[in-house]
Every structure is written in structure tokens, then in C-alpha cells.
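Read-outs: derived from the displayed coordinates by stated rules, not from any lab. Remember, it's a predicted structure, so these values are computed and weren't measured experimentally. Cβ atoms come from the backbone with ideal geometry, glycine included; neighbour counts cover every protein chain shown.
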Amino acid sequence: MVQVPLRGGSVSLGVIGTPRFINPIFAKEEADLSLVSLIYSGLVRKNGNGKLIPDLAEKYEKSENGLIYTFTLKNNLYFQDGKPVTANDVLFTINEIKNGIIENPHKVRWESVDIEKIDERTVKFTLKRPYPSFLENTTLGIMPAHLWEGSSMELNSANTSPIGSGPYMISKTDKQSSGIIDSYKLIPFKKFALGEPYIKNINLHFYQNENDLVKALIENKVDQISSITPLNAEILKEKKYQVESSVLPRVFGLFFNQNQNQLFIDKNIIKSVDQAIDKEKIVKEVLLGYGTAINSPIPPNMIQYKKPADKTDIPRQNLLQKVKNDLLKDGWKTGGDGFLEKTTTEKKKKVTKKLEFSISTGNFPELAKTAELIKQDLAVVGIKVEIKTFETGNLNQNVIRPRKYDTLLFGEIINYESDLYAFWHSSQRKDPGFNVAMYTNAKVDKILEDAYIDLKEESRIKKYMQFEDEIKKDMPAVFLYSPDFIYTVSKNLKEFKTDHIISLSDRYLNAYLWYTQTENVWKAFAK
């Protein structure tokens, strides 16, 4: 006999935030995104291994030139209110993204795509140019047009009482007297396209901050929590909770602005900064080991691009001495304040330059501590650093947008390989672009442009490896670490996979396969 999943059981999940826009177009915060993942279905879905599988779609066909994708919907698809899912709902969802008055995070990926209804079960997408990660777009949840058409997207009650075609549907909502939602009780949607889920009840409880979240776990109000800081992870480990982690596609680094500080034109200075910073110490002391030291603009969890890390066998003290010697050879000498300076002649006048710059960053404990460790490391080799911290809104509006910083301690989210274009192509140097290093390299531009439309994975990988090599040569930034996604796992929950998390809500993608109970059956009767 063999063990097979049995329907039943329940899971209680703790989430930070308050649900407001539980719809696939506007969802941005973790609370909304979590519910969207459980309640809505896309044409395709990512499975627990990060691969795309059909969901609402029975099949899709792609033209040879990669410009036309034709999707055929499965028969007998339904929303959770019993109404059928048709091509009209797909058209409504995509057109609302493209043409909606209110900006949304998906618009940039859909604005150059035309959509056409062929019949009630068939839709055709036509792209203006090949786009290798287009299929990722089609994981977007499809909204029921009959509930949303003709109403305000922001004010529609379906934002907090959502109806989708995904694995779970809402059966009960608990609210405070003020209307703030405390929890949702979800039950399986029996007509879900990929089969009825196993878990009988999934309860989501919402908390305003991480301390309340951790407290709820300890008091057994929830079975499982996620998005916790390294410090709380260590506390929970001591209390014998099962704490797991998975590397996120985030790249944190020091991004240099040559326009603001001419020192960064000198690659030797950037090389010295890179060698002087103890990245492993940052991972150990700031992230408590929940992260990976990096030296590349490509996140370490993009496995297909992974190269062996550039390791040095030189002892730390010897490396620091080498940095000091290199700077001395370049003419930098210790000044009266203990930091390096250099005297040069400009326009027949002697000018003394100091080897100093400022680091601008957000007002978050991890970033502040990282900046402080960098400052200490660089002081050892004679480089003076001033730390400037800003609240998020102020940082975005008055520092990043006008590019007013010497260096920016900043994190990039690389959801898809095509996102590298947004962070490194020269056309993205000015606001609203994300090229915060103000980086310009015609060769890199061409590589990124070609990779963006290359449909062959093998040749695309080679292009991104060339891109990585060029960035390492030019050194427009010092790459520091990629943090982990940290979560606790219920000991009795099976099939909870987080190996390929891109966004935090990805942990629910295979929730329809979760189970807590099993039964023994003869092998011949097992699925």
C-alpha cells in the first residue's frame, strides 16, 4: 500500500497588512497579492518548480517569429459565482490593464500587445516585437467582466469580496467595526481548472506589523508565517519552530553616480572600494546568514546564468594591505584627518582632493547597518564615508528621481531576466528609468536589446553572460548581497514548495496541491 493525499484539514496563515485591492490588476501589497494567488487563475500558472503549466488554457500556439500567441480555453470553466469563464473575460482583463485610467504595475508589459477574440474559447495576442518572457505575463489572474464592467475599479466591492476562478474561494470574512478586515476563511473551489484542492479550510489572518505576526504564531493563532526578519527567524528557531529560507531575486549594492562625484571615474577607486568591503561579514552580521554575498548584477537564483563566484584565497588582512598599497601607488596619502587625499595641479594651481563620498539609503535597519559596516571597512583603508538616510518617500522623490547622490545603497528586484534592461540600459538613466548607476555602454545596450527579443534560451543565456562580464569590467556598482525569503512551515503541511519564489505571493501557487492528511491505498488505485 502507498500513502496518498486525503481531502480535509486546515491551515492558518499569518500575513502582514490589510487587504484593500484583491484584484489582479491593482494588487501590490503582500496581503492583496496573497489572496489574488489563491482566488484567481491565469491562462497559465507556475508550478512548485517554477515551470509554466496550463491553467485556464487548454493549450497555446506560438508563431515561428514569436509575435503571435493563440490561447484556447478549456471547456466548462467557471468563476466562483457559477458564471462561465470566456474569452470576453480575458479581453476585459487585458484591456483594463492597457486602457485603464489608473496606472497599474502590469501596464508596461502589456501596452505593446494587441488582443483579439477569435471565438468564445480562443484569444490571440499579437506582439510588436518578440518577447521571450511573454508567457510569464499570462499568469495574470483573469477577472470576471460581469462583476467589474461599468464600475469604478477602485470602488468596486469585489476588491474585498473577490470572485475568481482559482483554487480557493471566500466563505467567511471577519471585520472590525471600522470595516478593517481581520481574517478570511477560504474553502476549495470544486470547479478549479486543475482539480479540487485538498485542504478543507485555509484561514488568512492579517496583522499590522511583524511583532504582532510573530506573537500570533507563538500563541498558536496561526500555523505559519512568512516575510520575517533574520532576527525574528533566530528567535523562532530557538523556540523550535521550523524556519526555512529561499534566496530572492534581489540585488543589493552600492551604485555610483559619476555625475555627482568625479572620484568614480577612476576604476581603481571603485576596485579598492569593492575589495575593502567585507560582504560575507554583512551577510553574517546584518542578515544573520539569511542571504548570499554576490559580485554580479544577475541574482544567484537565476540558476541558468550561475557562474562560479569570484573567490579570493587572500587573507583579509593581506587584501586590505594590497588595497592600501594600490591607493598609495595612485598618489593617495594620509592627510591630517587620518583619511586619504591627493594633491594635483589644475590650471596651474595646486588642488587637494579628499578620498571621500556619501552613501544615500533608505531608513531601514538592515540598510542602515549595512551602510555602517561599509563605512567601517572603508575607513580601515583611508576612505571617508558619510551616511545619509532618508524616509522612503523622500528618498524616491528628492534623491533617486533627480539623481542627487554620490552613491546609492539600493536594492533591485529582478523578477524576470528582461528586467535587467530597465536597470542597465543607457536609455533608462533618467527618471522614470531605473538605471541608478547612470551607466552608459553602447556594447551593453546592444547586448540587452538583442537578449530582450532573443527567443532561443541558449543564445539568450550567452548574451546575459556577456552582459555580466562587461558590467564586471566597467564596475558601475559594487554588488553586495541577495537576501533570503524567510518563513516558518507547519510540520504537517505537505507539498509546500518555495524553491522558485520571485514575488512573495508565489508561495501560494501550488496551494491546490497542499495537504495535511493522508490515507493508505493499494498502489494500483493511487493516482
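Things to note:
- Relative contact order of the chain, pairs being alpha-carbon contacts under 8 Å that are 6 or more residues apart, as %: 23
- A DSSP coil position with no more than 11 other Cβ atoms inside 10 Å describes the following trypsin sites (Lys or Arg not before Pro) in segment 467-520: 491.
- Here the Karplus relation 6.51 cos²θ - 1.76 cosθ + 1.60, evaluated at θ = phi - 60°, turns the backbone of segment 471-479 into coupling constants of 4, 5, 6, 7, 6, x, 7, 10, 7 Hz, with x for every Gly and Pro.
- Hits among lysines - C-alpha to C-alpha of residue 463 under 18 Å, sequence gap 8 or more where chains match: 306, 307, 443, 446, 472, 473
- Under the Debye formula (equal points on every Cα, no solvent term), log10 I(q)/I(0) of segment 250-483 at q = 0.08, 0.12 Å⁻¹: -0.31, -0.70
- Share antiparallel - DSSP beta bridges, segment 294-416, percent rounded to 5: 45
- Percent antiparallel among DSSP beta bridges (both partners in segment 250-483, rounded to 5): 70
- Segment 410-525 - convex hull of the alpha-carbon atoms, volume per residue in Å³: 175
- Reducing segment 359-390 and segment 466-500 to their Cα centroids gives an inter-centroid distance of 23 Å.
- Summed over qualifying helices (DSSP H, 4 residues or more, each -39500 (n - 2.57)) and divided by its residue number, the chain shows a 222 nm mean residue ellipticity of -7500 deg cm²/dmol.
- Using the Cβ-Cβ distance between residue 6 and residue 350 with R0 = 60 Å, the FRET efficiency computed as 1/(1 + (r/R0)^6) comes to roughly 0.15.
- Distance from segment 401-416 to segment 1-44 (C-alpha centre basis), Å: 31
- Taken about its Cα centre, segment 250-483 carries a charge dipole of about 880 debye when Lys and Arg each add +1 at the Cβ and Asp and Glu each add -1 at the Cβ.
- Against the compact-protein benchmark of 2.2 N^0.38 Å, the Cα-based radius of gyration of the chain scales to 1.08.
- Distance from the Cα centroid of segment 265-285 to that of segment 124-191 is 45 Å (rounded to whole angstrom).
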